[in-house]
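Only the coordinates and a few stated rules stand behind these numbers; no lab work does. As the structure is a computational prediction, the values presented were derived from the model and not from experiment. All Cβ positions, even for glycine, are placed from backbone atoms using ideal geometry, and neighbour counts span all protein chains on display.
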Amino acid sequence: MTDYDWRPEQARKSLNRILPGAEEKFADRLFEAQGDWQKFKIRLDCQWERLFTYLHALYGWQYDFFYTLERVLCSLVEYWLQRPPELKLLDEKRQVDPNWFLSEKVVGIVLYVDLFSDNLTKLKDHISYFKKLDLNYLHLMPLFSVPLGDNDGGYAVSDYRAINPDLGTMSELSELARRLREEGISLALDFVFNHTSDEHTWAKRARSGDPEYLNYYFTYPDRELPDQFQKYLRDIFPTVRRGSFTWNEEMQRWVWTTFNSFQWDLNYSNPEVMRAMMEEMLYLANQGVEIFRLDAVPFIWKRLGTDCENQPEAHTVIRAFNAMAKIAAPCILLKSEAIVHPDEVVKYIHPDECQLSYNPLLMALLWESLATTEVKFLEHSMRHRSRIPAGCTWVNYLRCHDDIGWSFDDVDARKVGIDPAGHRKFLTEFYTGKYPGSFALGVPFQFNPDNDDVRISGTLSSLAGLEEAVKKGDNELIEKAVRRINMLRAIQVSIGGIPLLYGGDEFGQMNDYTYVTDPTKINDSRWVHRAKRRWEARDDLADQDTLEWRFFREMVKLFRLRKEIPAFQNGAMEVISTGNPHLFGYIRAFENQRILVVNNFSDNPQKMDTGRLEIYGARGDVVNLLSDTVVSLEGDLMVEDYRAVWLDIS
Ligand code: GLC
């Protein structure tokens, strides 16, 4: 009987043994929560076998595994008991409509609190701004307590339960979450779970030599193991530091630090780390956070002899978090931040793992098509790499707070006649403005002399040519840049997934080079696209005749239109062959609605011929929903330079 699976029965047995103890421990509080407790138990019953299986896979070999199960269950009950009633109601609402986030109605923004509005209190006064943009998903960049000076833009967290005092307090965050909920806006935050800062209490205790907390991190007395690991690891921030280990004087030990030396990687092979981080996640969920962006997911599990990225156990860890969330705070959604090879990106996407994922391939290839004016690479890749499991969706972005990396697949590139290494070099030169005729003004990020790898920083506007055009004062070039930007946005909102706007892009924010005057930022060119917002609150809604307002109005229009087109919800997306190397086309369909989207990546008008249109059932007079005009498809379809058309061919 080799295929006998003992786990379901054992999971049940363990739960039956553990649950009475937990019920006794929390008896008084459970008595008050009677009805709700039954609901909790139903969810526990549904998720337990899966949670047990994950935890067993990770920790079953440890002699006190049963104790781990007990501790995990008690934490789940504790945090569920602490959950405010209105959030329990939200849990129920989401359980009735678990796929709410797949809707065409969902659009989001991500921003830095300090750059946008100084602090959380003032941010509350800007809810009308989000309403004007018709947003219902607000991602705030990390806002926790961090070390002074360089803290990797908030990604070195010293305390997950304390807000950076410059930005506000935890009760202000909960209050903001409540106000947002009233307006139908879901709050998203980062769950920086791969590492803490070296000032986190756990790190401090480890530094003082406490063995319990030393085991929260990866520390080594000498170079023996670090050297063995290092052979296979890549440097993430090579211009800042080489190697993934940092010597700590106080401990007299090497510490694993994948990113900066002040960011200590957490040791998930220790079940206490898993449980403690689960408590941090549930604590934040109880403040009203609905969506967690899982930061740096590929790095959370280490295995000697591998590059320690995307290990199978990394998936198991995330699935365990997913199961825990579904038990104690089921409205939670997890979003994967895996900016790695596309084959690996999709592995994190599953209803039992991350329901949401950044779409780094689409982002990179949109920029690639803009540089080459040709769409063959984009078309080929999207044709076979867009599909993800039901109940999940992409988060489509053009820019974010990070750099752009050319993480496309080399085989895909060769298939369309592109030499991958040469092409990466070309793209880098193009987007740093070095390539003759380039319109882009980007800044190189993290050049690695060992493999010539380099990534790109810069805002949407500066990379798409607006900054250069404005500098030259050339209206024709400005017009072209505006069209490029608006075409990219039109793709972002129509191709399938949640469009996530990077705060500032809605009004065309350009690069800000002042970061070079700040010693804590000078070595990190990503600050060029993390600029302080220029507008005052009162001007936000003032609708003026400026370039900024043209962008803003277009963004509002695109979001509104998307919300009126059911075919733009998550679901079928068929990439078509337009027969024209510059036209990227796809069909979005839902029930009886079919929308043919065609985007022109070239500088000149382009046509798709009638024969091709016929193949996709596009004929006669149709409405271009983007311009609200009637287009005759009796002849060829003409698409103006850098324009998108959304043809209703239902
Ligand atoms: C993620 C963040 C990035 C940060 C890194 C380390 O990739 O997006 O900004 O530097 O994780 O936390």
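So what is the calculated 222 nm ellipticity per residue for the chain, using -39500 (n - 2.57) for each DSSP H run with n of 4 or more, over all residues, to the nearest 500 deg cm²/dmol?
-12000 deg cm²/dmol
Using θ = phi - 60° and the Karplus relation 6.51 cos²θ - 1.76 cosθ + 1.60, list the HN-Hα couplings for segment 276-287 in order, rounded to whole Hz, with x at every Gly or Pro.
Running phi through 6.51 cos²θ - 1.76 cosθ + 1.60 with θ = phi - 60° gives 5, 6, 4, 5, 5, 5, 5, 4, 5, 4, 6, 8 Hz.
Ranked highest first by the average count of other Cβ atoms within 10 Å around their residues, in what order do 225-232, 80-87, 585-592 fall?
Highest to lowest by the protection proxy: 585-592, 80-87, 225-232.
Please check which bits of segment 563-598 a label hung off V416 would reach, taking the label as a point 7 Å along Cα-to-C-beta and the cut-off as backbone N under 18 Å.
Answer for segment 563-598: 573-587, 597-598.
Pairs of Cα atoms under 8 Å, at least six residues apart: use those to get the relative contact order of segment 375-524, whole percent.
After rounding, I find 25 percent.
Ranking T257, T201, T246 by Cβ neighbours within 10 Å, fewest first, what do you get?
Final ranking by Cβ density, sparse to dense: T201, T246, T257.
Between N475 and A390, what FRET efficiency comes out of the Förster formula 1/(1 + (r/R0)^6) with R0 = 35 Å and r the beta carbon distance, rounded to 0.05?
0.15
In terms of modelled amide H atoms, which long-range or inter-chain residues lie less than 5 Å from the amide H of L266?
H195, T196
What whole number of Å gives the distance from the Cα centroid of segment 333-406 to the Cα centroid of segment 103-171?
A separation of 24 Å, based on Cα centres.
Using a Förster distance of 51 Å, how high is the FRET efficiency between E272 and S577, based on the Cβ-Cβ distance and rounded to 0.05?
Between E272 and S577 the formula returns 0.40.
Which of the chymotrypsin sites (Phe, Trp or Tyr not before Pro) found in segment 398-490 are in a DSSP loop and have at most 11 neighbouring Cβ atoms, other than their own, within 10 Å?
Listed in order of number, the matching sites amount to none.
Out of the DSSP beta bridges found with both residues in the chain, what percent are antiparallel (nearest 5)?
Antiparallel: roughly 60 percent of the beta bridges in the chain.
Could you work out how far helix 475-494 tilts from the main Cα principal axis of the chain, as a 0 to 90 degree angle to the nearest 10?
Computed tilt is about 50 degrees.
Would you mind checking the tilt of helix 360-372 against the longest principal axis of the Cα atoms of the chain, expressed as 0 to 90 degrees and rounded to 10?
That works out to roughly 20 degrees.
Tell me, what HN-Hα J-couplings in whole Hz come from the Karplus equation 6.51 cos²θ - 1.76 cosθ + 1.60 at θ = phi - 60° for each residue of segment 501-509, using x for Gly and Pro?
The phi angles translate into 7, 8, x, x, 5, 5, 10, x, 3 Hz.
Just check segment 570-620 against the gyration tensor rule for me: Cα atoms, a ≥ b ≥ c as the square roots of the eigenvalues, rounded for a/c under 1.5, and otherwise prolate or oblate depending on whether a/b exceeds b/c.
In terms of gyration-tensor shape, oblate.
Take every Cα pair under 8 Å in the chain that's 6+ residues apart, average their separations, divide by the length, and report that relative contact order as a whole percent.
12
Work out from phi, with θ = phi - 60° and the Karplus expression 6.51 cos²θ - 1.76 cosθ + 1.60, the ³J(HN,Hα) of each residue of segment 594-604, listed in order in whole Hz, and give x for Gly and Pro.
Computed from phi, the couplings for segment 594-604 are 10, 10, 9, 10, 10, 10, 9, 8, 9, 7, 10 Hz.
Going by how many other beta carbons lie within 10 Å of each one, how would you line up I339, I649, fewest first?
So the ranking, lowest neighbour count to highest, is I649, I339.
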